[in-house]
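Note sheet for the following structure.
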Amino acid sequence: MPTILRARSVLAVRDLARSARFYIEVLGFVEDPIQAPGWRFLSKDACALMLGECRDEVPASETGNHAWFLHLLVDDVDAYYRDVVARGAATIDAPADRAYGLREFVLQTPDGHRMVVGQAL
């Protein structure tokens, strides 16, 4: 079977410029050289995203528990939490140890997508 070389999460966002700024300035992503009208391609380390502008899409903030889109594992969850909070990220909870062996926190994007960031204990 062929090898998967890279994966990208695809997100519908209502304001492409605002969302891209959040991922770049708050979460530390960089813009990839790929360009297409209505899209922004971003990456940070092993994580890649495609943001697609969909101004009429139902905001993720209105989908409640269906707004989850990504679980990231990082090498220092507490440091990443401090960094993103200092840069203005809206968090749903602070880092906490979970019974399943991870220390995690949850943040929310400007569109209301939820993202879990964790580290193995």
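The set of residues from the stretch 1-28 being at pLDDT below 95 and closer than 15 Å to Ser43 by Cβ comprises Leu5, Arg6, Ala7, Arg8, Ser9, Val10, Leu11.
Scanning the stretch 29-67 for residues that are closer than 23 Å to Arg82 by Cβ and surrounded by fewer than 14 Cβ atoms within 10 Å (Cβ to Cβ), we see that the one that is modelled with the lowest pLDDT is Ala46. The strands (runs of 3 or more DSSP E) found entirely in the stretch 1-84 that carry 2 or more residues being over 26 Å from Leu121 (Cα atoms), in contact with a His (Cβ under 9 Å, 6 or more places away or on another chain) and not aromatic (Phe, Trp, Tyr) are 8-13.
Among the residues making up the stretch 81-115, a single one is hydrophobic (A, V, I, L, M, F, W, C), closer than 15 Å to Thr63 by Cβ and in contact (Cβ under 8 Å) with a residue 24 or more places away in the chain: Met115.
The values are calculated or read from the model by the stated rules, or taken from the named source; none is laboratory data. The model shown is predicted, which means the values in this text are computed figures rather than measured ones. Heads up, the Cβs are rebuilt from the backbone with ideal geometry, glycines too, and the neighbour counts pull from every protein chain shown.
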